Amino acid sequence: MKNSDKICAIIVSYNPDVEVFNRLLNSLAEQVCHIVIVDNCSSNGFVKWIQDRTVPSRAIVYLDDNKGLGYAYNIGIQQAKALNCSYVLFFDQDSLPSPNLVFKLMSAHHKLRVQGHQISAIGPVFRDSRTGHLSSFIRFAWFHFQQIGCDNSTLVPCDFLISSGSLCSIETLDAVGGMDDSLFIDHIDTEWFLRARSMGYHAWGVCDAVMDHSLGESTKRIWLFRWRNVYQHKPFRYYYIFRNSILLYRRSYSPIKWLTGDIMRLIQFVLYLTLFCESRRSYFRMILMGVVDGTRGISGICHHQS
């Protein structure tokens, strides 16, 4: 890692578990130059806790309302630029990087740049905090998302990364632009990677970089055409998942392969919620609202979350 590589970790918080958050801070404080926390109006005592917490090179931005993940990330990016950082590292509040994560990511980024690649972002393998399952990387294919394992490779080209754990240069963010805050929460990373991809920037997975991360509120192992672990969210999240998918279908830079795979993913959600989930009425109400609003082109926060 070069001395000129100033990395700013951006964490968006919203009523986090302070013990988990503390582990994240301790790990990042040893690996990056700056930590920027953007709090989306937490109401669980987190603000007082973080004010009393001593974290080196820390900046905190308190938002007076929950303005969504994309808006908060963009605030964090602005802070990173003000700190003259050359890279940002995005993190969810419930992720935990391995001790050498940042070094692995930066080493991979430098290697790819030397080889002449135009990089959108690079990201680690994540280990599910509940099941211990290691993730694969994703490539778009007709009517499905192809899971690419690491095998004997260290660097894997992919079409998409989850935002948490992803490393991106400020130079790339200036070229591609920031996050689309009109989506509020879901598909913010998807939209950014699709936009970057259309501009010639490509994502890479780093196989020897690992972090712990939890997707969804809970995990259930089911058989639906094959055995799989399904990550289940609260009902209101499915409003954003379905609405934002439909909004992205209209974007000129959304590739057809991604669209067909995403449609199949939404169908699988409906099958799962129908066959395996309680409180079906609440889920289907939010899905229907999302489909209607997506079709009508409505974005922003949903004021009927349940």
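The values are calculated or read from the model by the stated rules, or taken from the named source; none is laboratory data. Computed from a prediction, not measured in an experiment: that's the story for all the values here. Counting neighbours? That spans all protein chains shown, and the Cβs are built from the backbone with ideal geometry, glycine included.
A few comments on the model shown:
- When each of I75, I50, I37 is tested for being over 20 Å from the mean Cα position of the chain (by Cα), more than 18 Å from P99 (Cα to Cα) and surrounded by 15 or more Cβ atoms within 10 Å (Cβ to Cβ), the lone residue that passes is I50.
- Leading residue by the ranking (modelled with the highest pLDDT) among those in the range 206-232 that are small (G, A, S) and farther than 19 Å from H187 by Cβ: A209
- Of the residues making up the range 88-98, one or more are outside any loop (DSSP other than H, G, I, E, B), of a type in the set (V, I, T) and either in the same structural domain as N244 (by TED's automatic domain parsing) or closer than 25 Å to I185 by Cα (or both).
- Within the range 80-94, the residues that satisfy the criterion of being buried (at least 20 other Cβ atoms within 10 Å of the Cβ) and either modelled with pLDDT of 95 or more or under 11 Å from A9 (Cβ atoms) (or both) are A80, C85, Y87, V88, L89, F90, F91.
- Test: residue in the range 255-262 that is closer than 26 Å to G132 by Cα, of a type outside the set (K, R) and assigned by TED's automatic domain parsing to the domain that holds P16: no
- Within the range 104-150, the set of residues being under 25 Å from R195 (Cβ atoms), of a type in the set (G, A, S) and outside any loop (DSSP other than H, G, I, E, B) comprises A108, S120, A121, G123, A141.
- When the residues of the range 136-183 are filtered to those that are among the polar types (S, T, N, Q) and touching a residue at least 60 places away in the same chain (Cβ under 8 Å), the one that is nearest to Y201 (Cα to Cα) is S169.
- Residue in the range 46-63 that is within 20 Å of S164 (Cβ to Cβ), in a helix (DSSP H, G or I) and at pLDDT below 90 present: yes
- Condition met for S86 (touching a Gly at 6+ places or on another chain (Cβ under 7 Å) and of a type outside the set (A, V, I, L, M)): no
- Matching residues in the range 9-45 - criterion: being assigned to a strand (DSSP E or B) and not polar (S, T, N, Q): A9, I10, I11, V12, H34, I35, V36, I37, V38, D39
- For the criterion of being at pLDDT below 95 and closer than 19 Å to F21 by Cβ, D151 fails.
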